[in-house]
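The values are calculated or read from the model by the stated rules, or taken from the named source; none is laboratory data. In this text the structure is predicted, and so the values were computed from the model without any measurement. Cβ: placed from backbone, ideal geometry, glycine included. Neighbour counts: every protein chain shown. To get the accessible areas, we keep the full protein, side chains included, count just its heavy atoms, and leave off ligands, DNA and RNA. Shrake-Rupley method; radii C 1.70, N 1.55, O 1.52, S 1.80 Å.
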Amino acid sequence: MTEFTAFRGEHDGTVKQSVGRVDNLGNKDVLMKLTHAGLCFTDVHYIEAGIALGHEPVAKVVQVGNDVRHIAVGDTVGYGYNHGACDDCDECRLGNDTLCNERRMYGEVDTDFGGFGEYAKLHERFVHKIPEGMAPEHAAPLQCAGATVFAPFLKHDIKPIHRVGVIGIGGLGHLALQVANKWGCSVGAFTTSENKVAEAKSFGAHDVIVTKRADGKSFVPENDADKFDFIICSVSSQVPWDDYFDCLRPRGQIIPLGVDFGKFETNRYF
Ligand SMILES: [Zn+2]
Ligand SMILES: [Zn+2]
């Protein structure tokens, strides 16, 4: 058992230095010394849980178990929100390990192994190499926010011929705009603020729709060509869903990524 420094959220809502512990390596385990970590709003949700915060870590591998095959000492690696799964159920076999009944998620397990700690130990299958040439400080936010906005492109089969809208230009939204642009899509950004138009374009939006208009008119595009095949909602609050449904092309989809604890309400029943 080795002790190290970890920064935990406390019950009073502050973050304090504390002690983390890591025990001996299993045959498939990887021991990492953490170097960088992003901040995600989910850390705020967990700030009173007493866990080592941070789930966007990048690290150097310092030791590997005897049967580790894909990761080596000295590799720069990252790991995500899910720390493990059974690897044998239908969902795992379909690549949906976050839906596995035996999933091991941030906040529930490995509560010493947050990104704001010195060390972490994970099974090698849940550790991945950071590509050479990518700065660790750029890789860190991709471990949660980047993965969150990239997943819909694979899961929903978003293609370069599609027009993609992104609601909100914040932690998730600025990455979603970049992914959609690089994926080859026509990209529109939705923002409440005129002040964010230039910023949204700098991240890859081809056009920007300001939803709170000075003239009080609807922000829904008049022409079908300007409407969307997919709208990715990156904000953690309710938005005027009916208006966004009206922004969709036939068979269009809205993909909500942010967490809000209110009801999802709409009057659009098509
Ligand atoms: Zn996160
Ligand atoms: Zn499983």
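Scalar couplings 3J(HN,Hα) for the stretch 217-229, obtained by applying the Karplus form with A = 6.51, B = -1.76, C = 1.60 to θ = phi - 60°, are 7, 5, 8, 5, x, 6, 9, 4, 4, 8, 7, 10, 7 Hz; x denotes Gly and Pro.
Each of residue 206 and residue 25 was given a label point 7 Å from its Cα along the Cα-to-Cβ line. The distance between the two points is 4.9 nm. Put the Cα centre of the stretch 1-45 next to the Cα centre of the stretch 222-270 and the gap is 37 Å. Considering helices alone, the calculated mean residue ellipticity of the chain at 222 nm is -4500 deg cm²/dmol, with DSSP H runs of length four and up weighted by -39500 (n - 2.57) and normalised per residue. Mean silhouette area of the chain, derived from the convex hull of its C-alpha atoms and averaged over all directions, reads 16.7 nm².
Relative to one another, the C-alpha centroids of the stretch 138-169 and the stretch 49-82 are positioned 23 Å apart.
Within the shell defined by Cβ-Cβ distances under 11 Å, the residues around residue 25 carry a net charge of -2, with Lys and Arg each +1 and Asp and Glu each -1.
Heavy-atom accessible surface of the chain, averaged per residue, reaches 54 Å², computed with a 1.4 Å probe.
The length gained on full extension between residue 223 and residue 238, counted as 0.36 nm times the residue separation minus their Cα-Cα distance, comes to 2.9 nm. Of the trypsin sites (Lys or Arg not before Pro) found in the stretch 221-267, the ones in coil according to DSSP and having at most 13 other Cβ atoms within 10 Å of their Cβ are 263.
Over the stretch 136-270, the hull volume per residue, using the convex hull of the C-alpha atoms, is 120 Å³. In the stretch 79-120, the portion of solvent-accessible area held by carbon and sulfur atoms comes to 39 percent [1.4 Å probe, whole percent, DNA, RNA and ligands not counted]. With a cap of 13 neighbouring Cβ atoms within 10 Å, and only residues DSSP puts in a loop, list the GluC sites (Glu not before Pro) found in the stretch 96-150. Listed in order of number, the matching sites are 102, 108, 132. The angle between the Cα long axis of helix 173-183 and the longest principal axis of the Cα atoms of the chain comes to about 80 degrees, rounded to the nearest 10. Full extension of the chain between residue 263 and residue 48 yields a length gain of 75.0 nm, computed as 0.36 nm times the residue separation minus the alpha carbon distance. Please give the FRET efficiency for residue 63 paired with residue 157, using the beta carbon to beta carbon distance and R0 = 41 Å, rounded to the nearest 0.05. My answer for the efficiency is 0.55. In plain terms, if you count all Cα to Cα distances in the stretch 176-226 and split them into 10 Å steps from zero, the share in each step is 26, 49, 24, 1 percent.
Simple spin-label estimate for residue 129 and residue 99 gives 3.1 nm between the two label positions (7 Å along the Cα-to-Cβ direction from each Cα). Approximating the spin labels as points 7 Å out from Cα along Cα→Cβ, the residue 11-to-residue 251 distance works out to 5.5 nm.
Rounded to whole Å, the principal axis extents of the Cα atoms in the stretch 86-142 read 36, 26, 18, largest first.
Computed from Cα positions, the angle between helix 145-155 and the longest principal axis of the chain comes to roughly 70 degrees.
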